[in-house]
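The values are calculated or read from the model by the stated rules, or taken from the named source; none is laboratory data. This one's a predicted model, so the numbers in the text were calculated from it and none came from an experiment. Positions of Cβ are generated from backbone atoms using ideal geometry, with glycine treated the same way; all protein chains shown enter the neighbour counts. Remember, those area values only see protein heavy atoms, side chains included, never the ligands or the DNA or RNA. Shrake-Rupley method; radii C 1.70, N 1.55, O 1.52, S 1.80 Å.
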Amino acid sequence: AVRALLQRLLPAQGELEGKRRHSRLLVVPTNATDMDSLAVVEAVKSTGLPVVKHNGTAISLLVKPDADRSKLMSLVANVTLSEGAAPKVLETTSFLGEYLDVATQEGYICEDTPAACAEGTLGKFYGSYQRLDAIYSRLDALAKANPGFLKEAGSMGKTYEGREQRLFELTDFSAKESKPVVFHFCAEHSREWISAMFCPYLIEMLLEKEKEGLLQEARFIVCPIMNVDGYVYSHEPMKEELAALQKIREAGGEAWSKAESEAEAGMMNWPQTDSLFGHRMWRASRRPNPEACNISAGHGSLFRYTYEECLAHMVGTDLNRNYGDHWATGGSSSIIGTMTYHGLEPFENAEVANVKAFSTALAAKSELLMVTDVHCCAGMWLIPWGWLPCVEGNFGGGKCSSTFQTAPDYDRMYGAGNANVHAVQQVSKGPLYAYGSIPTTIYPASGSSLDWFYDHLGVVYAS
């Protein structure tokens, strides 16, 4: 894969000496409400620049090497938005350049043995991204050191590749009375490494600060890595991929410009195995799709892959579109290899079926008070229902301004979301998270964990 990356993007040695590369403009409105309207995108488009990415916080624009940057920045800065506010305009390196600047720093990932990586202070451990075995090693050591409050709690089941979806439980085990259960699981989308670091950090903070507080009032069950196969895959050839990308950056010119363009669109590449970040940005499960490949390959010219090619490249399902609640009704894809492919049927992936079986059994004997499916990196607190269609349609793929209805407990959910995002802001000192139903906050998404937990297990506080 790394060799193919170099062959695709690198020209002959010396061919591109002295050529300039693209840079990127970030358009950041001073008024956050401007991002709620497509009008801001249209205003920026009026400058003649292509909108590469609009993520609810800023608009990213690629600028050609021969562009008059000062003129472009002036044009964009003079775009009039709501209340007459002009946006802030920043010129940066490309997304790919920013990524390489960070990912090539010493300590980006702990490269020592799992036992060595697991040792040390909070700052040392959480100052680097950690691989699966290091996370488990640290949590096992914490359980051994805190037997009255933390224990290894088995597994939800095995993944497609045979790995365990391990669980850890926290509470004051000396208290015999029944307690409500709070369930967290992280890294359902395996490329979201910061979520995989959040779950062990949550465990450590509960042990450090809440032995006399929350651990007296509730049982916390935590699955640190839900999509274990995808998480392991996302780490596999990091050194080789980074070295290849560094070589492309050193070559510069059209090779680097092409790499930058691919990186900007990389999370939407089809299929994901052909992405510039084929491992690092792996989102889905690792289960092949033989039945779907058989169906798709039968469509001839409508599908560019043979059955064998499909089986090799169209791997995985978006696990957060594979739950059996309004499955495949919108906000997901029926095309294998795409980012939100929902599978041929609900719960066909072992990882999601295990969540269903474990949670159903748990809810039958305990009060399942709250479930949090931890993702990143948009700064949002999302609540059911995700399957709701937009009143005005959703042809651009973004969020809805409104939906035809809301969940019956929406007011309670919304109130909890409000309390949570303000609590987060008190700690982070950063911008307030957006919060609300999935369609009106980010985009419609059917077959999600939140909707299934709410509709089938009655968990009002599912987020």
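Here are a few things to note about the model shown:
- Amide proton proximity set for residue 348, modelled H, under 5 Å, gap of 5+: none
- Using the Karplus relation 6.51 cos²θ - 1.76 cosθ + 1.60 with θ = phi - 60°, the per-residue 3J(HN,Hα) values for region 325-333 come to 9, 6, 4, 6, 9, x, x, 8, 10 Hz, with x marking Gly and Pro.
- Once the C-beta distance of residue 174 and residue 108 is scaled by a Förster radius of 45 Å, the resulting FRET efficiency is 0.65 to the nearest 0.05.
- Taking amide H positions as modeled 1.01 Å from N, with prolines and chain starts lacking one, the residues under 5 Å from residue 157 and 5 or more places away or on another chain are 165.
- Our coupling estimate for region 307-314, obtained by passing each phi through the Karplus curve with A = 6.51, B = -1.76, C = 1.60 and θ = phi - 60°, is 4, 5, 5, 4, 4, 6, 9, 8 Hz, Gly and Pro reported as x.
- Residue-level accessible surface for residue 309, protein heavy atoms, 1.4 Å, Å²: 80 Å²
- Long-range HN-HN contacts of residue 333 with modeled amide H, under 5 Å: 340, 341, 342
- Under the combined filter of DSSP loop state and at most 12 neighbouring Cβ atoms within 10 Å, region 173-233 retains these trypsin sites (Lys or Arg not before Pro): 176.
- Multiplying the residue separation of residue 426 and residue 344 by 0.36 nm and removing their Cα-Cα distance gives an extension gain of 25.2 nm.
- Charge context of residue 195, other residues only, Cβ under 14 angstrom, K/R +1, D/E -1: -1
- Net charge of Cβ neighbours under 14 Å - reference residue 328; Lys, Arg +1; Asp, Glu -1: -4
- Set 144/365; 179/429; 176/211 screened for pairs whose C-alpha atoms are more than 21 Å apart: 144/365; 179/429
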